[in-house]
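For reference, the structure discussed in these notes is given below.
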Amino acid sequence: MVVNLKQLYNNVGEKQIVDYSVDSERLNEVKGYSFGNPMTVKGTIVNRAGVVILSYTVDFTLNAVCDRCLAEFKSNFSYDFEHILVRSLNTDNDEYIVTDSDILDMDELVIMDILLQIPSKMLCKENCKGLCPHCGTDLNYNECNCNG
């Protein structure tokens, strides 16, 4: 979703509602992850005293493989984000999102935000016992007879 911010930048008190789903075609471009359903994004973009603030919540399901037992599972995530949007900056500053030509690609920002939040280690459950390093038995369901 592409948002034109010109009216928001120019009018103090202006508010725009954000409520959409990230296209599954766009999600397929994200390498290394499989999303189980459409990613929903809900929030607002508000000009408060000349400062444009984007606040949103993203909800999605990730199809994953457990890093300990290799079982496939689905995990639901919900994250809240807030960014200050600016037209330009004189210096590098990661605290602000620069919107060239008053245009914001929400999909790109949402995907970047969630990729920074998704856990690097995915577990099917917090207390996953994993696989036996000797025989490969899934220790969540069976005990192995290894002497290792």
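The values are calculated or read from the model by the stated rules, or taken from the named source; none is laboratory data. Because the structure is a prediction, the values reported are computed rather than measured. So basically every Cβ, Gly included, is an ideal-geometry build from the backbone, and we count neighbours across all protein chains shown. Heavy atoms of the whole protein, side chains included, go into the accessibility calculation; ligands, DNA and RNA do not. Shrake-Rupley method; radii C 1.70, N 1.55, O 1.52, S 1.80 Å.
Report, ordered by chain and residue number, the lysines lying within cross-link reach of Lys42, taken as a straight Cα distance under 29 Å and ignoring same-chain residues fewer than 8 apart. Correct list for Lys42: Lys6, Lys15, Lys31, Lys74, Lys121, Lys125. For Asp94, the accessible area of its heavy atoms, probed at 1.4 Å with every protein chain present, is near 150 square angstrom.
A Gaussian network model of the chain, with springs between Cα atoms under 10 Å, assigns the largest mean-square fluctuation among Cys132, Cys66, Cys124 to Cys132. With every protein chain in place and a 1.4 angstrom probe, the accessible-area ranking of Thr99, Thr40, largest first, reads Thr40, Thr99.
Just the protein heavy atoms count here, and of the accessible area of segment 1-47 at 1.4 Å, carbon and sulfur take up 44 percent.
Please work out the average accessible area per residue across segment 31-95, using the 1.4 Å probe convention, and give it in Å². The partial results should precede the final answer.
Numbers: 3900 Å² over 65 residues.
Each residue of segment 31-95 exposes 60 Å² on average to a 1.4 Å probe.
For a quick protection proxy, order the peptides 105-111, 6-12 by their average other-Cβ count within 10 Å, most packed first. Please list the in-between numbers first.
Working: 105-111: 17.9, 6-12: 13.9.
For the peptides 105-111, 6-12, the packing ranking is 105-111, 6-12.
Summed over qualifying helices (DSSP H, 4 residues or more, each -39500 (n - 2.57)) and divided by its residue number, the chain shows a 222 nm mean residue ellipticity of -4000 deg cm²/dmol.
As an exercise, identify the trypsin sites (Lys or Arg not before Pro) in segment 57-108 lying in DSSP coil whose Cβ has no more than 12 other Cβ atoms within 10 Å. Please list the in-between numbers first.
Values: sites: Arg68, Lys74, Arg87; in loops: Arg68, Arg87.
Filter output for segment 57-108: empty list.
For GluC sites (Glu not before Pro), the sites in segment 22-105 that DSSP calls loop and that have at most 14 other Cβ atoms within 10 Å are Glu29, Glu95.
Under a Gaussian network description of the chain, with springs only between Cα atoms under 10 Å, the residue in Val58, Val22, Val98 that fluctuates furthest is Val98. In sequence order, segment 34-51 has phi-based couplings of 10, 9, x, 8, x, 8, 9, 10, 9, x, 9, 10, 10, 9, 10, 6, x, 9 Hz under the Karplus curve 6.51 cos²θ - 1.76 cosθ + 1.60, θ = phi - 60°, and Gly or Pro positions carry x.
Summarising the label geometry, the points placed 7 Å from Cα in the beta-carbon direction at Cys144 and Ser21 lie 4.2 nm from one another.
Evaluate the relative contact order of the chain (contact order divided by residue number), counting alpha-carbon pairs under 8 angstrom at least 6 apart; express in whole percent. Before the final figure, lay out the partial values.
Numbers: 259 pairs, mean separation 30.4, N = 148.
Relative contact order, the chain: 21 percent.
Under a model in which nothing but the beta-carbon of Lys, Arg (+1) and Asp, Glu (-1) is charged, the chain shows a dipole of about 320 debye around its Cα centre.
Computed with a 1.4 Å probe on the full set of protein chains, the accessible area for Thr44 sits at about 40 Å².
Express the Stokes-Einstein translational diffusion coefficient of the chain in µm² s⁻¹, to the nearest whole number, given a Kirkwood radius over alpha-carbon pairs, 20 °C and a viscosity of 1.002 mPa s.
119
The charge dipole of segment 12-87, taken about its Cα centre with unit charges on the Cβ atoms of Lys, Arg (+1), Asp and Glu (-1) only, comes to about 180 debye.
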